[in-house]
Amino acid sequence: MKKLIRQLTGIAACVCMLLCGGTLPITAVAKEASVQIEPRMTYILSYGADLSISNNGVATITGSVTGKAGVTQTSVKVTLQKSVSGTWTNVESWEASSDGRSASVNTTYQVSRGTYRVTMTCSANGESESTTSETKTY
C-alpha cells in the first residue's frame, strides 16, 4: 500500500511539473515577440501587432491573427495612433479578411515627429481579441 501511494505521489508531482513547466516558455516567448497565445480562446490560436519606425520616419505596421484548425473566417483591423497632448488620435486604419485560418496587415506609412502606437482588433469565426503594440517615438 505504501508503495502504491509513493507511486501515485510521484506521478502527481510529474504531472504538476509538466503542466507548470510547459506554460512558462510559451508565456516568455509571447511577451518577447509581442504575440499573445492564450489557451482559453476557442477559435484564435495566436494574434499580434507590431510597430517600428525607421530613422527617416517610415512606420512599418503589422497585425495578424491565426485561427485554430477548422476556422473558416478571420479578420484584422489595425489602426495607427499618434499621441497628441496626451490623447491617442487615430491616424490611419487598414483591414484584411480571409475565408481561411489567417489574416494579416503588413504596410508602411510615412509619419511626422511624435509618439505612435498600433491598436489591433482581430477575429476568427466570430471570436474577437484586441491588442496594442509598444509605443515608438520618431
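The values are calculated or read from the model by the stated rules, or taken from the named source; none is laboratory data. No experiment lies behind these values; they were computed from the predicted model shown. We place every Cβ from the backbone using ideal geometry, glycine too, and count neighbours over all the protein chains shown. The area values use the complete protein model at the heavy-atom level, side chains included, leaving out ligands, DNA and RNA. Shrake-Rupley method; radii C 1.70, N 1.55, O 1.52, S 1.80 Å.
Using θ = phi - 60° in the Karplus curve 6.51 cos²θ - 1.76 cosθ + 1.60, the 3J(HN,Hα) couplings for the range 73-81 round to 9, 9, 8, 9, 10, 10, 10, 7, 10 Hz; x is entered for Gly and Pro.
Decide, for the range 44-138, between rounded, prolate and oblate: order the square roots of the alpha carbon gyration tensor eigenvalues as a ≥ b ≥ c, take rounded if a/c falls under 1.5, and otherwise choose prolate if a/b is larger than b/c, else oblate. Note, shape of the range 44-138 comes out prolate.
In order along the range 102-109, phi translates into HN-Hα couplings of 9, 9, 8, 10, 9, 9, 10, 8 Hz, rounded to whole numbers, per the Karplus curve 6.51 cos²θ - 1.76 cosθ + 1.60 with θ = phi - 60° and x for Gly and Pro.
Pop out the carbon and sulfur fraction of the accessible area of the range 63-138 as a percent, whole number, probe 1.4 Å. Of all accessible area on the range 63-138, carbon and sulfur atoms account for 39 percent. The H on the amide N of L45, modeled in the peptide plane, is under 5 Å from the matching H of T66, G67, K68, each at least 5 residues off or on a different chain. Taken one residue at a time, the phi angles of the range 124-138 give Karplus couplings (6.51, -1.76, 1.60, θ = phi - 60°) of 9, 6, x, 7, 10, 9, 9, 8, 10, 6, 5, 7, 10, 10, 10 Hz. Gly and Pro are set to x.
Only sites in a loop by DSSP and with at most 15 other Cβ atoms within 10 Å count here; which trypsin sites (Lys or Arg not before Pro) in the range 33-138 make the cut? Numbers along the way, then the final one.
On the way: sites: R40, K68, K77, K82, R101, R113, R117, K136; in loops: R40, K68, R101, R113.
Passing both the DSSP loop test and the Cβ count: R40, K68, R113.
Taking the Cα centre of the range 88-138 as origin and assigning +1 to Lys and Arg Cβ atoms and -1 to Asp and Glu Cβ atoms, the resulting dipole is close to 300 debye.
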